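Since the structure comes first, as structure tokens, the remarks are kept for the end.
The values are calculated or read from the model by the stated rules, or taken from the named source; none is laboratory data. All figures in this text were calculated on a predicted structure; none of them were measured in a lab. Neighbour counts run over all protein chains shown; Cβ positions are idealised from the backbone, glycine included. All accessible areas refer to the heavy atoms of the entire protein, side chains included, with ligands and DNA or RNA removed. Shrake-Rupley method; radii C 1.70, N 1.55, O 1.52, S 1.80 Å.
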Amino acid sequence: MDKCKIIAVANQKGGTGKTTTASNLGNAIAREGRRVLLVDFDPQANLSMSFGIENPDELTMSMHQILSLVMEGAELPGSSEYICRGERLDIIPSNRNLSVTEVNLRVEMSSERILSELLEPLRSEYEYIIIDTNPALGLLTINALAACDCVIIPVSPQYWSATGLTDLLQTVFKIKKRINPRIGIEGVLLTMCDERTRLYRKAKELLDGFCAERIRIFNTQIPNTVIAGEANLHSVSIIDFDAKNKAGLAYAAFAREVIDDEGGNGKHATA
Ligand SMILES: Nc1ncnc2c1ncn2[C@@H]1O[C@H](COP(=O)(O)OP(=O)(O)OP(=O)(O)O)[C@@H](O)[C@H]1O
Ligand SMILES: [Mg+2]
């Protein structure tokens with residue numbers, strides 16, 4: 001089997017729902033019987049925590065260690081040494097040390113491709129690899145964009161920023177031109193939506209205008225829910241916490257949209 005799609009969940013703005021989306025999309029796709037690997041590529045390690053890893057900083061093997069081996073050109077241990085296996089899906093966890101990796105990347109040759117070097121051989125083991133990125137357009141996010149087939153951009157009405165989105169699209173465009181020609185924008189996902197508010201309606205109008213014909217906005221929107229915080233507190237995804245919750249159901253519908261797009265890499269940004 002070698003039909004794996006690598007998805008990066010990215011938006012350099014903080015708190016737009018990247019980690020929540022990576023976690024719940026991964027869980028929802030895994031519930032459809034697909035083999036899914038989550039990749040925590042943020043030193044904040046929120047995705048690792050939502051997977052149930054309570055103290056990521058105590059891990060002896062995390063993204064930092066395995067990428068250090070990749071950078072040294074050393075032989076990698078078997079994947080079971082650095083992939084944590086869960087009931088339905090797996091994760092390569094991260095912790096604060098990933099910030100050290102980012103510093104080390106600055107002096108590395110072809111530093112944008114280090115994550116790709118790690119993930120490419122794993123394509124044969126998974127149908128979906130979902131990378132959660134940190135809120136910045138630095139070397140970590142660039143590595144994630146260089147390693148992926150497509151990008152999902154969570155946008156929250158509270159943090160709508162046309163300039164932010166333009167910067168991200170321009171970065172994707174440059175990556176496409178210089179490093180990773182197959183990258184495409186899978187789409188924009190509206191998160192934390194409260195359709196009754198003026199803020200939501202205004203942000204949606206601006207987003208519709210911004211995306212127009214060139215970028216897909218997923219039909220599914222993720223509603224605002226207090227359950228998101230409760231799920232965090234219990235170190236599980238919303239879907240695992242309460243699959244019948246409106247946001248849990250929305251993430252399941254969103255996963256369907258992503259799966260139905262199989263074969264395509266989404267529309268390409270023309271920004
Ligand atoms: N649908 C939702 N309804 C209400 N709160 C939500 C929802 N989705 C996420 N949240 C909350 O919003 C906060 C930010 O979400 P999340 O951590 O997923 O964003 P992020 O983009 O990964 O943040 P960062 O940029 O710091 O990595 C969290 O406290 C999360 O619990
Ligand atoms: Mg996050």
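Tabulated values for the structure
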{"quantity": "Estimated distance in nm for a label pair at A253 and K174, the labels positioned 7 Å out from Cα along Cα-to-Cβ", "calculated": "3.7"}
{"quantity": "Protection-proxy order for peptides 171-177, 11-17, 237-243, each taking the mean of Cβ atoms within 10 Å per residue, highest first", "calculated": "237-243, 11-17, 171-177"}
{"quantity": "Accessible-area value, S235, 1.4 Å probe, nucleic acids and ligands omitted, Å²", "calculated": "30"}
{"quantity": "Label-point gap, in nm, between E81 and R35 - each point 7 angstrom along Cα→Cβ", "calculated": "2.1"}
{"quantity": "In nm, spacing of pseudo-spin labels at E120 and D167 (7 Å Cα→C-beta vector)", "calculated": "3.1"}
{"quantity": "Farthest positive-ward along the chain dipole, Cα basis, beta-carbon charges - from S48, I131, A252", "calculated": "A252"}
{"quantity": "DSSP-loop trypsin sites (Lys or Arg not before Pro) across the range 209-249, with at most 12 other Cβ within 10 angstrom", "calculated": "K244"}
{"quantity": "Axial C-alpha extent at least 18 Å, average Kyte-Doolittle at least 0.0 - helices from the chain (DSSP)", "calculated": "246-260"}
{"quantity": "Average accessible area per residue (Å²) across the chain - probe 1.4 Å, nucleic acids and ligands excluded", "calculated": "44"}
{"quantity": "FRET E, pair A74, D261, Förster distance 30 Å, beta-carbon r, rounded to 0.05", "calculated": "0.20"}
{"quantity": "D_trans [Stokes-Einstein, Kirkwood Rh over alpha-carbon pairs] for the range 130-227, 25 °C, 0.890 mPa s, µm² s⁻¹", "calculated": "172"}
{"quantity": "Accessible area of the range 143-256 belonging to carbon and sulfur atoms, whole % at 1.4 Å probe", "calculated": "54"}
{"quantity": "Karplus-derived HN-Hα couplings along the range 180-186 (A = 6.51, B = -1.76, C = 1.60, θ = phi - 60°), whole Hz, x at Gly and Pro", "calculated": "9, x, 7, 5, x, 8, 5"}
{"quantity": "Cα-based radius of gyration of the chain once divided by 2.2 N^0.38 Å, which approximates compact folds", "calculated": "0.94"}
{"quantity": "Potential extension, M109-D208 segment - 0.36 nm per residue separation minus Cα distance", "calculated": "31.6 nm"}
